[in-house]
Amino acid sequence: MGRWIAFFAGSVRFVHPAARTTDVATVTIAQWRSIAAAVELLPDDSFDRPSTLPGWRVADLVAHLAMCASAPARWLAEPTPAKAEVDAAAYFLCLRGAADDVDARTRERARGKTPMELRADVRAAADELAAVVATTDSARVIPTRLAPMRFDDFLITRCVEGVVHGLDLDPPVTPDGPALKLVTKALLAALMVKAPGHTVEMRVPPFAAVQCVEGPRHTRGTPSNVVETDAVTWVQLATGRLGWSDVIGDGRLRASGERSDISGLLPLL
């Protein structure tokens, strides 16, 4: 998708990375601070209970949170690649292939640790994230699990991980407006990469409206194919926490037009 994108009623403009890295950093760090605070409040006896993610205990989810927040520091310790090969949107669309490895490493990280140790891991990872963000050039290229990418693009993926897995906690960490806005746009960017086109307008008020899906271009008036939902529902739909039939059935998502069923494109990751 190139550099970061801003959305305005279906149009897209590109923003120079230097103009947005500080905001992304501030939002991402704040989200991880909120997660660390929420994990501190989890009762000890909850860690062995099933989490909201099938097959994972709460302890596994908490271990994964620490793994996500500590990833930038881990990759910064590796040799610097020559150039970036993916951006945030492309990264998200490649994550399925890494699922088994992520699952195995998460379980290994959680194995044998006490609730106190797992809480400390998340707290330390959040502190480490803030430290590396403060000292790293946004344009630096880092290796990642999938392919080299710019540090500022990888930081967007950390915000997405923070918001998505914060919502996985029980009780959930409700993201604040700036974090939810950033993640909404990032996942819409991934949708546009996966299904480029102008046939369907995907609306997530008040943050964004974009066009996707190959076919006739909509140019004026009311689009013939429209999908609309709120931001939290979009995040959970795009990441497989909710199904299309669930949110259509209870009214959280509205779809109109014969091409508006985009369930085959979801989840994105």
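Percent antiparallel among DSSP beta bridges with both residues in the stretch 184-269, to the nearest 5?
Numbers: 9 of 12 bridges.
Expressed as a percentage, antiparallel bridges in the stretch 184-269 total about 75.
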Please report the equivalent ellipsoid semi-axes of the stretch 110-175, computed as sqrt(5 x eigenvalue) of the Cα gyration tensor, largest first, in whole Å. 25, 15, 12
Accessible area expressed per residue, the stretch 70-223, with surrounding protein chains retained (probe 1.4 Å, Å²): 44
Using a 1.4 angstrom probe with every protein chain in place, what is the largest-first accessible-area order of D152, D45? D45, D152
Charged-residue dipole, Cβ positions (Lys, Arg, Asp, Glu), the chain about Cα centre, Debye nearest 20: 680
At a temperature of 20 °C and a viscosity of 1.002 mPa s, determine how fast the stretch 138-258 diffuses translationally according to Stokes-Einstein, using the Kirkwood radius over alpha-carbon pairs as Rh; express D in µm²/s, rounded to the nearest whole number. 137
Computed from these coordinates, which is Kirkwood radius over Cα pairs in Å: [x] 18.7; [y] 24.7; [z] 19.2? [z]
For the stretch 33-93 the translational diffusion coefficient, Stokes-Einstein from a Kirkwood Rh over Cα pairs at 37 °C and viscosity 0.692 mPa s, in µm²/s, is roughly 232
Could you give the nm distance between label points at R254 and T174, where each point is 7 Å from its Cα heading toward the beta carbon? 2.3
Roughly how many whole Å is it from the C-alpha centroid of the stretch 152-219 to that of the stretch 29-99? 18
Once the stretch 68-183 is represented by equal point scatterers at the alpha-carbon sites, with solvent omitted, what log10 I(q)/I(0) does the Debye formula produce at q = 0.10, 0.19, 0.22 Å⁻¹? -0.32, -1.21, -1.52
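In the chain, what percent of the accessible surface is made up of carbon and sulfur (1.4 Å probe, ligands and nucleic acids excluded)? Numbers along the way, then the final one.
On the way: 6550 of 12050 Å².
Solvent-exposed carbon and sulfur of the chain make up 54 percent of the total.
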Quick calc, T52 & A77: beta-carbon distance into FRET formula, R0 30 Å, rounding 0.05, result 0.40
Quick calc: nm separation of the 7 Å Cα→Cβ label points for R217 and A104 -> 4.7
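Subtract the Cα-Cα distance of A134 and D246 from 0.36 nm times their separation in residues, and report this length gain in nm to one decimal.
Numbers: separation 112, 0.36 × 112 = 40.32 nm, distance 4.13 nm.
Result for the pair: 36.2 nm of gain on full extension.
The values are calculated or read from the model by the stated rules, or taken from the named source; none is laboratory data. Bear in mind that the values here come from a model prediction, so they are computed numbers and not experimental data. Every residue, glycine as well, gets a Cβ built from its backbone with ideal geometry; the counts of neighbours run over all protein chains shown. These accessible areas exclude ligands, DNA and RNA; they are computed on the full protein's heavy atoms, side chains included. Shrake-Rupley method; radii C 1.70, N 1.55, O 1.52, S 1.80 Å.
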